[in-house]
Amino acid sequence: MSEIAGRMFPTSFVGSYPRPSWYAYNLGGRDVLEAMRDEDFAEAYRDGIRAMIGDQENVGIDVAVDGHLWYDKHQGFIGSFALYNGERFDGTEIRQSEGRMLQVLQASSQATGHDAVEEWSGMMEVFEAINSTEMVITAKLGRGRLHHAHNWRIAQNCTSKPVKAMFAMGPVELSTIMVDEHYRDRKALLRDMADIYHAEMADAVAAGAQVVELDDLIFLAPQEEWEFDVDILNRVFDGIDAYKIWHCCHGGTPAPVGMAPYEAMFPYVKDLQVDSFDWSFAQTGYPEAQLKLFASDGFDKDLGLGVISNKNYLIETPSEVADGIRRALQHVAPERIHLTSDCGLFAYARSAAKAKLRAMVKGAELARSEL
């Protein structure tokens, strides 16, 4: 990332950003190409992305993100992180559910160390769109109407800065909240999903994307499957000629702090064929045991250091961001570090999200000046 941005400690963030208050459109599950034939929608959509990227340019972000205006604004919290892909694949059908997401979290509680019923039941109203939806696989999955390269291209046309290409919820995590009525074979299902994501990623790179990021909380799958899940992510990234990021956080804003079992996962994921692991650190106080993982013998992945928490409304100070960088520098060479947010900023007021990004940029400047 330092080479792409042209300086040490380059800044970016995880893709979701608060949409402008005047933006009143939703895709409504449509094909984005179909929606863009509507002149009013197309104009507002492009202007909305320009506004979101304009905030990033204003504060000095090095690698921009499109802000995910292609996410529908569902009831509850950012349901399109799952639903954008799930409802656009060939071979899926959307049905009503009674607590699908809560069931998945309960099943993963052994790996995460959290009691999903106790800790999440009160949050399911916030996650209503996902919890009340079943994405049912009724036939062989196909790419359908995803068009991630198109989404990326619109954003890149709004700025001269590099824009990360992002692909919503990754295949392993998404598969855990889908209902399989076709494959009856989880490995076959995941292989087909990996091939779809790979094709979408390859198209984005062919369109010019220099940085690709896949968000996938693979720890939501059973631990005995993690080795195979890493194979699935490698299948997605195989041959992709870009800077490749795997983002794995502690979940969106309403999720518990520190739920990702990084140390337990590390023996499985350390050989993942990517350039960077982007992990959450700000909300958990930069645990030294987790930072030390990046200094493991033979491990050369870059550290996407989460320096902006998505779990509270406090605006970090530049000195707090710089202190997080200093802690990482005790274990990781500076050229291996870039800065990001712990997760997306969708839940914040736009002014607060922008202030958080500004603090990250100023904190990077402070740390840079100390080298």
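Tabulated data
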| quantity | calculated |
| --- | --- |
| Residues being closer than 18 Å to residue 244 by Cα and open to solvent by 30 Å² or more (accessible area, probe 1.4 Å) - total across the range 186-199 | 2 |
| Verdict on residue 161 being open to solvent by 10 Å² or more (accessible area, probe 1.4 Å) and under 21 Å from residue 240 (Cα atoms) | yes |
| The range 35-46 residues that are more than 19 Å from residue 146 (Cβ to Cβ), paired with ones that are open to solvent by less than 100 Å² (accessible area, probe 1.4 Å) and small (Gly, Ala, Ser) (beta carbon under 8 Å, 6 or more apart) | 44/24 |
| Residue ranges of helices (runs of 4 or more DSSP H) in the range 266-371 with at least 1 members closer than 14 Å to residue 248 by Cα and under 20 Å from the mean Cα position of the chain (by Cα) | 288-292 |
| Where a residue in the range 265-285 is under 16 Å from residue 300 (Cβ atoms) and its partner, wherever it lies, is part of a helix (DSSP H, G or I) and among the hydrophobic types (A, V, I, L, M, F, W, C), with Cβ under 7 Å and at least six apart | 266/293; 269/230; 272/230; 272/233; 273/237; 274/237 |
| Count of residues meeting criterion [at pLDDT 65 or above and assigned to a helix (DSSP H, G or I)] in the range 94-118 | 8 |
| In the range 289-312, the residues that are out of contact with any helix residue (DSSP H, G or I) (no Cβ under 8 Å at 6 or more places or on another chain) and buried (at least 20 other Cβ atoms within 10 Å of the Cβ) | 304 |
| Which numbered condition residue 206 misses (of (1) out of contact with any helix residue (DSSP H, G or I) (no Cβ under 9 Å at 6 or more places or on another chain); (2) open to solvent by 10 Å² or more (accessible area, probe 1.4 Å); (3) of a type in the set (A, V, I, L, M); (4) closer than 21 Å to residue 154 by Cβ) | (1) |
| Subset of the range 60-82 (residues that are open to solvent by 10 Å² or more (accessible area, probe 1.4 Å) and of a type in the set (Val, Ile, Thr)) | 78 |
| Condition check for residue 83: at pLDDT 75 or above, in a strand (DSSP E or B) and in contact with a helix residue (DSSP H, G or I) (Cβ under 9 Å, 6 or more places away or on another chain) | no |
| Filter pass, residue 315 being among the β-branched types (Val, Ile, Thr) and surrounded by fewer than 19 Cβ atoms within 10 Å (Cβ to Cβ) | yes |
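Yes/no per residue for (1) open to solvent by less than 20 Å² (accessible area, probe 1.4 Å); (2) at pLDDT 95 or above; (3) within 18 Å of the chain's Cα centre (by Cα):
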residue: 144; (1), (2), (3): no, yes, no
residue: 157; (1), (2), (3): no, yes, no
residue: 172; (1), (2), (3): yes, yes, yes
residue: 177; (1), (2), (3): yes, no, yes
residue: 184; (1), (2), (3): no, yes, no
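Results for (1) buried (at least 21 other Cβ atoms within 10 Å of the Cβ); (2) without any contact (Cβ under 8 Å) to a residue 24 or more places away in the chain; (3) more than 30 Å from residue 19 (Cβ to Cβ); (4) charged (D, E, K, R), shown as yes or no for each residue.
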site: 287; (1), (2), (3), (4): no, yes, yes, no
site: 321; (1), (2), (3), (4): yes, no, no, no
site: 331; (1), (2), (3), (4): no, no, yes, no
site: 334; (1), (2), (3), (4): no, no, yes, no
site: 345; (1), (2), (3), (4): yes, no, no, no
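The values are calculated or read from the model by the stated rules, or taken from the named source; none is laboratory data. Every value quoted in this text rests on a predicted model; they were computed, and no experiment measured them. Counting neighbours? That spans all protein chains shown, and the Cβs are built from the backbone with ideal geometry, glycine included. When the accessible area is computed, the model is the full protein with side chains, heavy atoms only, and any ligands, DNA or RNA have been set aside. Shrake-Rupley method; radii C 1.70, N 1.55, O 1.52, S 1.80 Å.
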